[in-house]
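Beneath this line is the structure, given in structure tokens, with notes to follow.
The values are calculated or read from the model by the stated rules, or taken from the named source; none is laboratory data. Keep in mind the model is a prediction, meaning the values are calculated, not measured. In this analysis, Cβ positions are derived from the backbone assuming ideal geometry, glycine residues included, and neighbour counts consider all displayed protein chains. Note: accessible area is taken over every heavy atom of the protein model, side chains too, but ligands, DNA and RNA are not part of it. Shrake-Rupley method; radii C 1.70, N 1.55, O 1.52, S 1.80 Å.
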2 protein chains.
Amino acid sequence: MSGKSFSEFALIARLTKNLPSNDAVSFGVGDDCALLDLGGERLTLATCDSQVEGIHFTLKTSTAEQIGRKALAVNSSDIAAMGGVPRFALVSLVIPPHIAPDFVEQVYSGLRQEAERFSTVIVGGNIASSGASSPFVIDITMLGAVERESVILRSGAREGDIVCVTGMLGDAAAGLYTLLHPDNDYTFGACEYVRRRHCVPEPRVEVGQVLSRFGPQIVTAMLDISDGLSGDLAHICERSRVGACVEVACLPISSSLQTIAHESGQDALHWVLHGGEDYELLFTVAPGYEQQVRAAVLAETGIDVACIGGILPASEEIGLVLPGGQRERLRSQSWDHIKDLSRLA
Amino acid sequence: MSGKSFSEFALIARLTKNLPSNDAVSFGVGDDCALLDLGGERLTLATCDSQVEGIHFTLKTSTAEQIGRKALAVNSSDIAAMGGVPRFALVSLVIPPHIAPDFVEQVYSGLRQEAERFSTVIVGGNIASSGASSPFVIDITMLGAVERESVILRSGAREGDIVCVTGMLGDAAAGLYTLLHPDNDYTFGACEYVRRRHCVPEPRVEVGQVLSRFGPQIVTAMLDISDGLSGDLAHICERSRVGACVEVACLPISSSLQTIAHESGQDALHWVLHGGEDYELLFTVAPGYEQQVRAAVLAETGIDVACIGGILPASEEIGLVLPGGQRERLRSQSWDHIKDLSRLA
């Protein structure tokens with residue numbers, strides 16, 4: 001469930017309260033994926049996520065192929081965030097009259113390219129027409145597989161664990177900013193980089209595999225950053241019933257993001273702390289293991305891991321340590337697409 | 001995939017041409033569900049279907065609870081049509097501003113009621129907001145289970161098989177007609193019955209179980225009637241590479257439908273042949289077994305089965321035998337919601 005506003009989270013909580021379950025459901029609503037025991041050697045992961053025109057993308061800021069790739073990638077990212085590999089996808093499209101069949105075919109081409117990267121098979125789907133002035137909707141359900149002993153939930157973080165993150169933070173938000181403000185004068189390479197991070201996110205499937213091999217005793221909690229660091233760290237803290245602090249000096253910030261922030265007069269730190277849709281993995285590591293984990297991820301995937309903070313007792317708020325040593329509360333500001341994209345819709 | 005127009009079928013064919021597959025996919029796109037081997041004792045069925053405001057329902061003709069029940073029921077029906085039982089559902093909602101949280105909660109209440117009927121567990125989902133003038137969309141993915149030797153595909157019909165159908169045909173179309181023409185004078189009970197058949201379809205899960213126990217050597221092909229008898233029989237014939245004929249005198253027609261047709265001056269046979277969304281099971285039975293199958297279904301579920309025709313060689317068209325013995329071609333007229341519901345949207 002990516003890029004939600006607070007009211008969406010509140011509604012989800014209302015709707016899913018006291019849902020019935022059964023023995024085959026190892027874990028239902030409340031993590032990146034549901035975890036099902038269908039009797040095979042591995043457990044099955046199931047997740048769904050939709051991309052809605054005017055909310056998650058616009059036809060002015062993404063190509064058809066990019067829209068398809070991203071719709072699939074955000075689901076692969078949810079599977080990766082539980083330590084699994086994506087296996088099967090079902091693709092449901094709701095198509096209004098302003099979307100031509102050729103455009104849909106290009107979207108599907110993006111879906112297929114992204115699926116092939118991880119040998120995910122598109123096994124079914126649905127197409128429905130909708131009326132004039134309706135948005136184009138792509139809703140994907142993905143099934144993945146995970147070793148029984150390797151599942152990493154959001155709920156396992158313990159006091160003293162190290163908070164880690166893959167890659168760079170805030171790039172996607174910076175990319176969206178440049179798309180919404182195309183008339184500014186940006187350095188070409190920096191602008192291309194952050195736009196690509198927004199339009200074609202990279203699900204960290206290989207990294208998730210390395211982390212899941214360490215098992216939940218070492219990599220104790222994990223999710224993918226769709227709502228932004230502040231919002232998603234709050235999800236881990238809530239599920240694990242812990243507090244946390246993040247050191248600003250340790251946050252991984254790309255030079256491209258810094259360039260764009262400088263050129264546009266925007267606050268780089270705001271993008272890094274609260275910008276959504278980076279689809280990096282945010283995870284916690286038992287103390288003493290962080291260098292070993294970091295080295296393994298770098299060696300096997302070429303992706304850097306940053307240790308950005310620590311897990312505190314539940315009595316502590318989620319805090320930020322500024323470069324000068326001052327502390328302040330890190331308030332979660334979940335990424336609200338509507339606020340940003342509706343101007344273009 | 002229910003209630004499609006011809007252009008939707010053509011687009012699906014274009015998009016899904018030459019999709020890659022792998023060993024775990026027993027059957028991909030092209031039947032009621034995908035059939036996956038996830039290593040357990042039983043195979044996994046996966047299907048998705050969406051209900052779009054203004055196309056599949058309107059707020060003027062269905063209650064929130066009915067919308068939720070139907071959204072789940074049409075997916076259970078797809079699972080039943082392969083001989084499986086529904087097990088898990090993922091619920092994806094796209095919610096525009098005109099849909100209040102209380103309304104969504106009532107939709108979810110309908111979903112939960114319908115899920116509990118067959119012990120289906122809602123294990124996940126997604127909520128996305130959409131802009132003003134967007135339709136409310138409910139997209140459900142359902143996973144089911146089926147015994148390996150009991151799967152019934154669309155493709156198994158053979159020359160000489162008997163064409164059978166559960167329950168009554170055309171009721172849902174008659175019900176929709178009364179909702180679209182509320183000012184006519186209808187007999188109350190008949191009108192209530194056909195409206196209920198439209199608004200709250202009954203997935204034939206128990207019947208599907210009885211039929212699947214006979215196995216695909218006896219019950220050779222099956223699907224659920226979402227597009228209408230003419231369209232769905234054409235799907236079986238196309239997949240099985242056979243022809244078929246249907247005897248008008250054998251079609252199961254409810255007295256309520258006849259009453260409504262009479263009172264509205266409409267053609268009852270048109271609803272029976274072409275009306276969609278009855279969600280009855282259409283299946284073919286090896287010759288000589290039809291009475292045994294019919295008796296078993298009636299004894300175990302209380303649902304009547306009608307033998308309505310026979311499977312012919314591929315060289316034959318799909319034909320209709322009129323009560324006087326004349327033959328004519330049965331042209332498939334797939335159910336197009338838009339034509340009917342958009343007037344109210």
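With K and R counted +1 and D and E -1, the other residues having a Cβ less than 9 Å from that of residue A:220 yield a net charge of 0. Using C-alpha pairs below 8 Å separated by at least 6 residues, the relative contact order for chain A is 23 percent.
In the protein assembly as shown, the DSSP beta bridges split such that about 75 percent are antiparallel, to the nearest 5. Placing unit charges on the Cβ atoms only, positive for Lys and Arg and negative for Asp and Glu, gives the protein assembly as shown a dipole magnitude near 20 debye about its Cα centre.
Helices that extend 30 Å or more along their long axis by alpha-carbon positions and average at least 1.6 on the Kyte-Doolittle scale are absent among the DSSP H runs of chain B.
Expressed to the nearest 5 percent, the antiparallel share of DSSP beta bridges inside the range B:1-125 is 45 percent. Taking the range B:220-247 and a reference point 7 angstrom along Cα→Cβ of residue B:327, the backbone N atoms nearer than 14 Å belong to B:243-247.
Considering only A:84, A:135, A:13, whose Cα is most displaced toward the positive end of the charge dipole of chain A, charges sitting on Cβ of Lys, Arg (+1) and Asp, Glu (-1)? Result: A:13, furthest along the dipole toward the positive end.
Give, to the nearest whole percent, the P(r) tail of the range A:142-298 beyond 26 angstrom, counting all Cα pairs. I get 29 percent for the Cα pairs in the range A:142-298 exceeding 26 Å. Note on chain A: with a GNM built from Cα contacts shorter than 10 Å, the maximum mean-square fluctuation among A:116, A:147, A:317 falls on A:116. For the range A:103-185, just say rounded, prolate or oblate: build the C-alpha gyration tensor, square-root its eigenvalues into a ≥ b ≥ c, call rounded for a/c under 1.5, and beyond that prolate if a/b exceeds b/c, oblate if not. Here the range A:103-185 falls in the oblate category. Per-residue ellipticity at 222 nm from helix content only, as computed over the protein assembly as shown with -39500 (n - 2.57) for each DSSP H run of at least four residues, stands at -11000 deg cm²/dmol. Extending 7 Å from the Cα toward the beta-carbon at both residue B:9 and residue A:316 defines two label points whose distance is 6.4 nm. I want the local charge near residue B:319. Using Cβ-Cβ distances under 15 Å, sum +1 for each Lys or Arg and -1 for each Asp or Glu among the other residues. Once all neighbours under 15 Å are counted, the net charge is -2.
Quick one: grab the alpha carbon gyration tensor of the protein assembly as shown, order the square roots of its eigenvalues as a ≥ b ≥ c, and give me rounded if a/c is under 1.5, else prolate or oblate depending on whether a/b is larger than b/c. Prolate. Volume per residue of the convex hull around the Cα atoms, evaluated for chain A, comes out as 142 Å³. On the basis of the beta-carbon distance and an R0 of 41 Å, residue B:263 and residue B:300 show a calculated FRET efficiency of 0.70.
Both chains summed, the buried accessible area for B and A stands near 5300 Å², from protein heavy atoms and a 1.4 Å probe. Take each residue in A:34-44, count the other chain C-beta atoms within 10 Å of its C-beta, and the mean is 5.
How many percent of DSSP beta bridges within chain B run antiparallel, rounded to 5? Of all bridge pairs located within chain B, approximately 75 percent are antiparallel. Residues whose amide H falls under 5 Å from that of residue A:130, counting only those 5 or more places apart or on a different chain, are A:95, with hydrogens built in the peptide plane.
Note on the range B:204-260 and the range A:1-80: Cα centroid distance 35 Å, given to the nearest whole angstrom. Amide H contacts under 5 Å for residue B:333: B:230, B:231, restricted to partners 5 or more places along the chain or on a different chain, H placed in the peptide plane at 1.01 Å from N.
Under the criterion of Cα pairs below 8 Å and six or more residues apart, the relative contact order for the range B:17-141 equals 31 percent. If R0 equals 25 Å, the separation of the Cβ atoms of residue A:192 and residue A:249 corresponds to a calculated FRET efficiency of about 0.35. The string of couplings for the range B:138-149 from the Karplus curve (6.51, -1.76, 1.60, θ = phi - 60°) is 10, 10, 10, 9, 10, 10, x, 10, 8, 4, 4, 8 Hz, one whole number per residue in order, with x for Gly and Pro.
Only protein atoms count toward the accessible area here, which uses a 1.4 Å probe; on the range B:94-220, the carbon and sulfur part of that area reaches 51 percent. Accessible surface for chain A, divided over its residues, is 36 Å² per residue with a 1.4 Å probe. Annotation for the range B:31-80: GluC sites (Glu not before Pro) lying in DSSP loop with at most 12 further Cβ atoms inside 10 Å of their Cβ are B:41.
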